[in-house]
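Enquirer: The following block contains the structure, expressed as structure tokens.
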Amino acid sequence: MIIGACELKLQIYEANSLKEKRHAIKSLIGRLKSRFNISIAEVGLNDSWKTTVVGFACVTNDTNHANEIISKVIKFIDGDSRVEIIEYNIELL
């Protein structure tokens, strides 16, 4: 069993309040869950308006498949104009 995990620090451009931030992140998380079948949640910087930390994970039986899923999720997030990836950390277990 291979577990692929990634932690992303994101900057949210359209957020001018915590409510707007939550709306943008909830929308992004919902789309990622349905599209890639991953476990994902906001895991840090909960009180910051413009930045957040999101973590996601996938379970598979192949390291290459885990890397592929993580790369596709990062590419999808990078294509969303509402957020920018500031940094990320990938871990395979």
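The values are calculated or read from the model by the stated rules, or taken from the named source; none is laboratory data. Remember, it's a predicted structure, so these values are computed and weren't measured experimentally. Here the Cβ is made from the backbone with ideal geometry for all residues, glycine too, and neighbour counts use every protein chain on show.
Enquirer: So, Gly30, is that one without any contact (Cβ under 8 Å) to a residue 60 or more places away in the chain and farther than 11 Å from Leu10 by Cα or not?
Expert: On the way: without any contact (Cβ under 8 Å) to a residue 60 or more places away in the chain: yes; farther than 11 Å from Leu10 by Cα: yes.
Criteria met by Gly30.
Enquirer: Tally time: how many residues in region 38-55 are modelled with pLDDT of 90 or more, within 15 Å of Ile86 (Cα to Cα), among the hydrophobic types (A, V, I, L, M, F, W, C) and out of contact with any Gly (no Cβ under 8 Å at 6 or more places or on another chain)?
Expert: Going through region 38-55 one residue at a time, the tally reaches 1.
Enquirer: Here's something else I'd like to know. Can you list residue pairs whose Cβ atoms sit under 7 Å apart, with the first residue in region 39-66 being in contact (Cβ under 8 Å) with a residue 60 or more places away in the chain and the second being among the aliphatic types (A, V, I, L, M)? Count only pairs 6 or more apart in sequence or on different chains.
Expert: Asn61/Met1; Asn61/Ile2; Asp62/Ile2; Thr63/Ile2; Thr63/Leu92; Ala66/Ile2; Ala66/Leu92
Enquirer: On to the next question. Need at least 3 residues that are surrounded by 16 or more Cβ atoms within 10 Å (Cβ to Cβ) per element, so show me which strands (runs of 3 or more DSSP E) inside the chain make the cut, counting only ones lying wholly within it. Show your work before the answer.
Expert: Numbers: elements: 2-12, 39-44, 51-60, 83-92.
Filter on the chain gives 2-12, 51-60.
Enquirer: Given (1) touching a strand residue (DSSP E or B) at 6+ places or on another chain (Cβ under 6 Å); (2) closer than 17 Å to Ile74 by Cβ, identify the lone condition not met by Arg35.
Expert: All conditions are met except number (1).
Enquirer: Assess whether Ile77 counts as being within 21 Å of Ala15 (Cβ to Cβ) and at pLDDT 90 or above.
Expert: On the way: within 21 Å of Ala15 (Cβ to Cβ): yes; at pLDDT 90 or above: yes.
So Ile77 fits the description; yes.
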